[in-house]
Structures are given as C-alpha cells and as structure tokens.
1. Among residues belonging to region 200-228 that are crowded, with 16+ Cβ neighbours inside 10 Å and hydrophobic (A, V, I, L, M, F, W, C), point out the one that is nearest to L247 (Cα to Cα).
2. Just checking, how many residues over region 244-262 are more than 13 Å from L198 (Cβ to Cβ), in a loop (DSSP other than H, G, I, E, B) and open to solvent by less than 60 Å² (accessible area, probe 1.4 Å)?
3. For region 375-390, how many residues meet the condition of being within 16 Å of P342 (Cβ to Cβ) and either open to solvent by less than 30 Å² (accessible area, probe 1.4 Å) or outside any strand (DSSP E or B) (or both)?
4. Please enumerate the residues belonging to region 342-374 that are in a strand (DSSP E or B), open to solvent by 40 Å² or more (accessible area, probe 1.4 Å), in contact with a Phe, Trp or Tyr (Cβ under 9 Å, 6 or more places away or on another chain) and touching a residue at least 24 places away in the same chain (Cβ under 8 Å).
5. For region 56-71, name all the residues that are within 25 Å of W146 (Cα to Cα) and either open to solvent by less than 40 Å² (accessible area, probe 1.4 Å) or among the β-branched types (V, I, T) (or both).
6. Give the residue that is most open to solvent (accessible area, probe 1.4 Å), with candidates limited to residues of region 168-199 that are touching a helix residue (DSSP H, G or I) at 6+ places or on another chain (Cβ under 9 Å) and assigned to a strand (DSSP E or B).
7. Which number in (1) over 23 Å from T118 (Cβ atoms); (2) in contact with a Ser or Thr (Cβ under 8 Å, 6 or more places away or on another chain); (3) free of Cβ contacts under 8 Å to residues at least 40 places away in the same chain marks the one condition that P66 misses?
8. If I filter region 4-22 for residues that are assigned to a loop (DSSP other than H, G, I, E, B), open to solvent by less than 30 Å² (accessible area, probe 1.4 Å) and more than 23 Å from Q77 (Cα to Cα), do I get at least one hit?
Amino acid sequence: PYYSWGSAVDVQIDDVLISEAPKDINVQVSAGTDPRHNALLSWDRSEANDFSRYVIYRSTSSGVDPGDVLVTSITNQSTLTFEDPGLDVVGQTYYYRVLVFDTEGQHNWGFADYPYRTKFGQTANSLPFLDGVEGGTVYLAGDRPWGVTAEQTHSGTNSWTDSPGTSYENNVDKATTLVLNLQQSARPYLGFWQRYTLEADKDFGFVEVSSDEGSSWTRLFSVTGFGGTNWYNPKIDLSQYFAAEALLVRFRIITDGQNRYDGWYIDDVEIKNNGAKAAYPFSDSMDDVGSETNWLASAWKRVDGSAQATGGKSWRYQNPAETGVSRLTLGGALDLSGASNPQLSFWRKTGANNSGYFYVEASGNGGQSWSTVLSEQVGSNRSWERLQADLSQYLGLSQVAVRFRVSPYYSWGSAVDVQIDDVLI
C-alpha cells in the first residue's frame, strides 16, 4: 500500500521466467554514406542459441532505452551492419543501443550508449570564398528539410531554401550551416543574397555564428515578414572572429504553431576580407545611393526620412521582439595616425521601443576587439538628436573601425527601433 495505514491494491502476475538473457555485444558507430545524415552501425555476432532479433534504438540524449526511437529490428542473426539514414540535424550527437532478444523475450541492455555526431560540410579554408550553390551541398550542410532548389535563384540554377517545393511547416527550428577557417583572414565579412516570405513577427530567419563547435550561438542578423520579390544582399561584419579555426555560420528558420509561408531563399554566399579604407575626415549624409557601400549594414535598412534634409534618407534598424542584436559597421577602416582630436558625431532618432540599448563602438585593430565609446538605454519616440562620441583614444592608429549596435534589454528579446543619419568623423 502507498500509505502506512493501508490502501486497496489489486495486482495479477503471470508467466514468470528466470533464465539467461543473451550476452551483451560490442557495437561500433561510424559515418555512413552521407556523414551529415547517415550513421553506420556494426556489431559482433550474437551467439545466443535461442536468438530472435537485433533491435536498434536511437536518442538525441544519453541513456537510450526501449522508450526511445525504434530504428530497426533485424531477425537474421548473421546480419551485423545497419546504415541509419534518419539523422535530420547536422552537428547533432545521436546515441544508439543495439539490444539482442531471444525467443523467450529476454534481452540484454547493451554495454553502453554509442554516440555519433553528424558532420558539417567541407570547411571553407581560404578567402575569398563563394558558394553559388551550383556544386550542390559540398560546403553548406542543411538540417532536413533544408535543401537545394531551382524554384528561386539569384544566379545560376540553384539556391538554398528551408522547404524545397512546398511551404515551411509550423513549429520548425532548422538551419543550414557553413564551417569557416578564418585563421588567415583580415577583417572578414559575410555576404549573401536573399529573398523571403515569412509570417510577420511570428516566423523568423536568423544568421548566427558559433566559435565553440555549436555549444553556444551569437545572433547577428534577422528577417521576418514579406521581403518583396527582389533579391537583397546583406553584409555582416565578422572581423572579431578573424582567428577562428572553425567558425560555424548558420542560416536558421524558426516558426510558430500557425500559418505556413514560402520561406527563405539563400544564394551566392561569400566570405571576403574587407580591405576598404574610409577617408578621414569621413562624412555620410545617407541621402545618396553611395551610402549603401559605405556600410556593412546587416539587418539595418536605408529608408526615407532624414534628420536635416527634406526627402532625404537615413539608416534604420526596426525589429520585433526575439530577433536579437544588429550592427551597422563602417565598411572602411579609418587612418587616424595624422589626427589630433578625432570625434564622431551623428543624428539619432527612435521609434516605438519596448526596451533596449544603443551603443557606439570602436576598434583600434580593424574590428578584432571592440570598446564602447557611447551608450544609452533606448527610449520610445525620441525626435532627431545630435550625439557626439570621443575617438581620441585611437590617435595614431591606422586601422580604426566604427559601428553602431542595438541590443534588446531582455535576453529573450524586445522590440527596438533606431535611426541614424548624417555621420561625421
């Protein structure tokens, strides 16, 4: 009984068997035909006289048992290998157990879990790197159902998409990933061409990076909603990852539980060293189309509305909650070796903000490391205001980088809307 004072219990027992179960067998797991999605299992032959079957179970966590995914059941005692093609996620560790059952239903539990981590694609070891997706899936490795499609292309005949031939599913969290060796790089940046149709503020596409083999990720870019029928070319500064031997860059789609759309298309992914120089003094009114090449804009967009000119332009970052950090980075490095009192000034405006922070950051080594030279908590609906940041600590340096960064106040994200105009250094 459950209680010390007793409670009613009714139990029946039948067919009790106490006998020798089949002995444990040694198992090996290695890469299959496609190391990104297949694992090859092999094992020692069971010598059980009353052998019934080998049964393989799989889990994404250790401690595999018969409550996990049943991969297959093999009744031929002499079959000692099996290739599992059902591994949907790249860079994921899967765990296996191979159990032996006899004709009486007795089985062993296996010596241990046997892990296999699915592989990424081939590492991009030299820059410049360009993948136009015409060579298939050599470099980018996609979680299923990510794949190559001919439905929409920026160039050539292929692009990557999250759901080839159909709309994406609900409650999806899948990515396609590139591995970069940036040890010989100098101010690297990521560029790609995209078009997208996503449920606005509910379903998102993210660019994220990891320098610890996928244990943690940093979000650098996001899209949501309808991006139009044209292709767009975001550029994202990767200079602080210049020494990474195996930087993971992934294009990740996350959807909620309702409404399906066409999804996200990615083409012509490139990694280049940014050798551009910015003139000193530097100025950008943001009004001319040349401003597009002055900045590595990430998710910032050049929009109508100017601080001082009717009909002018400015750069704007407007995000809903959950989309994380974004940076507007000056494309060229500044040579301040001949400066005497360098100052950065600009105009800033805000829209409707939940809560977030706005930073001006500078680097004396071309973006390898950054320091904050101005910061503020983002308030809602502030009109245009001129701000100034001191760059005198970078006197004498010839590779000075500058960027504007916005970040949500909460780790789970909050809406931020910031505009920048009339930058002068």
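The values are calculated or read from the model by the stated rules, or taken from the named source; none is laboratory data. Keep in mind that this is a model prediction, so the values were computed, not measured. When we count neighbours, we look across all protein chains shown, and the Cβ atoms used for this are built from the backbone with ideal geometry, even at glycine. The area values use the complete protein model at the heavy-atom level, side chains included, leaving out ligands, DNA and RNA. Shrake-Rupley method; radii C 1.70, N 1.55, O 1.52, S 1.80 Å.
1. V209
2. Selection size over region 244-262: 3.
3. Taking region 375-390 and keeping what is within 16 Å of P342 (Cβ to Cβ), we get 387-390.
Filter once more, so that each one left must be either open to solvent by less than 30 Å² (accessible area, probe 1.4 Å) or outside any strand (DSSP E or B) (or both): 387, 389.
Looking only at that region, the number is 2.
4. Correct list: W347, K349, Y357, Y359.
5. Scanning region 56-71 gives R58, S59, T60, V69, V71.
6. At the first step, the residues of region 168-199 found to be touching a helix residue (DSSP H, G or I) at 6+ places or on another chain (Cβ under 9 Å) are 180, 182, 185-189.
From what's left, assigned to a strand (DSSP E or B): 180, 188-189.
Details: L180: 0, P188: 0, Y189: 25 Å².
Only one residue tops the list, namely Y189.
7. (2)
8. yes
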